[in-house]
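*Asks:* Let me give you the structure first, and then I'll get to my questions.
The numbers here are math on the coordinates, done by the rules we state, and not lab data. Remember, it's a predicted structure, so these values are computed and weren't measured experimentally. Don't worry about glycine lacking a Cβ; one is built from the backbone with ideal geometry, like all the others, and counts go over all protein chains shown.
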């Protein structure tokens, strides 16, 4: 992932911005500030939400999800809600939404435990919608917008 530019919704490198905030906090005596610790992911997972729920990147960028809650989560593409020529993505490396759901039900496959991260590189422009299998009914859904 080195050298890749991951952009936030406002077009600013989210990692660079948060890392800078952490460095500034350290120089002002606030070394315990958590801003720098957040610089290693793009999307957090709270109890029942992706934060932020919509994230914009450029073609070829890698998005990193981090489970920032105490619950287990998944990242699973809606196979029918990604561009036709896009690569399917799911934690656990499943090839379809149905396979990911089955794997989760049978073995908790694809679970990202608290503090763990998972990433995917997006090569196809368009909207890529995804969800957390155990928390979809609670509204834990997200969208990655990939721009050229």
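*Asks:* Within a 10 angstrom radius of the beta carbon, how do 64, 75 rank from fewest other beta carbons to most?
*Replies:* On the way: 64 16, 75 26.
The most exposed by this proxy come first: 64, 75.
*Asks:* What are the principal axis extents of the Cα atoms in segment 41-147, in Å, biggest first?
*Replies:* 32, 25, 21
*Asks:* Next question. Relative contact order of segment 41-147, please, whole-number percent, based on alpha carbon pairs below 8 angstrom and at least 6 residues apart.
*Replies:* Numbers: 245 pairs, mean separation 40.3, N = 107.
Reported relative contact order: 38 percent.
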